[in-house]
Amino acid sequence: MNNQKCSTLFLKLRGRRRIIRCIYVVGFMDLFGVSMIIPLLSHHVKALGASPTVAGIVGSTYGILQLFSSTVVGSWSDVVGRRYSLLTCLLLSGLGYSLLGMSTSITLFVLARIPVGLFKHSLSICRALLSDLVSESERPLVMGHFNAASSVGFILGPVVGGYLTEHEGGFYTSSFTCAAIFLVNTGLVWMLPWSETLADRNETNHSNNTSEGCYDKYGSKSVQNGSHATSHQTVLKPETEAASRSPWKYRLMWREVSLLQPAWRQLSSVISRIHMVASSDMWDLFLVRLLMAVSIMLYYSNFSLAMEERFALKPKMTGYLISYSSTLGALAGFLVGPVTQLYKNNMSALLLHSTMLTSSLIFLYAAAPSVWQVLLTSTFFTISTTIGRTCITDLELQRGGVQASGTLIGAGQSVIAVGRILAPLLSGLTQEFSPCGPPSLGVVLALAAVGLLLVRIPKWDKKGATKTVKL
């Protein structure tokens, strides 16, 4: 009987591994398709007859929609499950890119950007799904690999998009190709072996208790429809056994709502989850995310112009330097796992050190006397920012609980959207004084994030220790 239970459990674990590998492919194809379109959008808007002001307003539409929809869609994925929310986002995003391929006027262009702005959250839901499928200790490794796969797609996409643009009707061809990629992703998600992960939490816990030999690195959680298998009446409380393994987990209490429930009940649950996150003691993490997002965006905001003005570097060479940094960013995803193991999964310390390194590298870039120093700082800057992004996401999931992973990751994306609004404004103002103005301001913001972490991390550790003693 025990061997039969172990065999059943291993089958479920293999199903989860297959889902994880398929999610890597979805992430790669997602950014591959999107990056085909992004460089072409501004040119297409101008070709439709838009003035620079109108083009700027149209371009900001996507960011504004993302700002308000990221948290809502992420929370909705917690409510109805990852599978249906991911399928919905992929289908509607594909519809948006199809409409973009038919946009022959500015009005149609704006209408095409609306479904994409509202529902292009497939990567966030993929990250939430991965956090559901793996244990807390394995989460940084898996997230790092997912980010690496997505980054490779973002590197290759512009190459294909640029090739297609050289032909007649290239923008429309690229748009329809992107839409087709999203449809392929939809089919891939639909065919994932979800049934192999449909296990009741109690059954899995019983299997783990009767035979610890069945334990596997992906076997610490049970998943139902891409989210935790919790009955509709169950409320997760800190007194659970899972909470004893992670003091911050299950700090917030979440109820699961079926997709078949009325829309008003789903909306009520979404609003409740967002309110609980907004009123939780996580403002410090979100503020650190905002400060670092703006500082990193300021680093890149006038990079090409600064290289030309400071070192007379031609755009072609600047392009090579940016491609070099992007490639390193993809490879850095594979370093996340080993680095977190080196820190013994102490994500707070790793976040502090990566933030300090990032602020130092931005300062060295701003004061760089030669291109070679810029090359050196770019090398380590890409690695430190990749590790920092993974750290802060992992800390948010630790403190809010994996049951809220969609809401938390969505809230993080909303914070980044705020950064995308602020960074261009701050970059323009600081460039009035010097080409080094944007990175100099980035240093100040990054140092503010370091100071905040120095103040708050001891309080996080103290709360975690107190929670452990009570348990």
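The values are calculated or read from the model by the stated rules, or taken from the named source; none is laboratory data. Quick caveat: nothing in here was measured; it's all calculated off a predicted structure. Glycine also receives a Cβ, built like all others from the backbone with ideal geometry; neighbour counts cover every protein chain displayed. Just so you know, the surface numbers come from the protein's heavy atoms only, side chains and all, with ligands and any DNA or RNA stripped out. Shrake-Rupley method; radii C 1.70, N 1.55, O 1.52, S 1.80 Å.
Among the residues of segment 78-90, are any out of contact with any Leu (no Cβ under 9 Å at 6 or more places or on another chain), touching a residue at least 40 places away in the same chain (Cβ under 8 Å), open to solvent by 20 Å² or more (accessible area, probe 1.4 Å) and not hydroxyl-bearing (Ser, Thr, Tyr)?
Looking for residues that are out of contact with any Leu (no Cβ under 9 Å at 6 or more places or on another chain), touching a residue at least 40 places away in the same chain (Cβ under 8 Å), open to solvent by 20 Å² or more (accessible area, probe 1.4 Å) and not hydroxyl-bearing (Ser, Thr, Tyr), one finds none in segment 78-90, hence no.
With respect to Val134, determine if the residue is in contact with a Phe, Trp or Tyr (Cβ under 8 Å, 6 or more places away or on another chain), open to solvent by 10 Å² or more (accessible area, probe 1.4 Å) and over 18 Å from Leu41 (Cα atoms).
no
Checking the condition assigned to a helix (DSSP H, G or I), of a type in the set (D, E, K, R), open to solvent by less than 20 Å² (accessible area, probe 1.4 Å) and more than 23 Å from Thr385 (Cα to Cα), which residue from Arg273, Arg265 passes?
Exactly one of Arg273, Arg265 is assigned to a helix (DSSP H, G or I), of a type in the set (D, E, K, R), open to solvent by less than 20 Å² (accessible area, probe 1.4 Å) and more than 23 Å from Thr385 (Cα to Cα), namely Arg273.
Every residue, every condition in (1) under 16 Å from Gln413 (Cβ atoms); (2) more than 23 Å from the chain's Cα centre (by Cα), yes or no:
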| site | (1), (2) |
| --- | --- |
| Leu65 | yes, no |
| Val80 | no, no |
| Ser85 | yes, no |
| Thr88 | no, no |
| Leu99 | no, yes |
| Thr107 | no, yes |
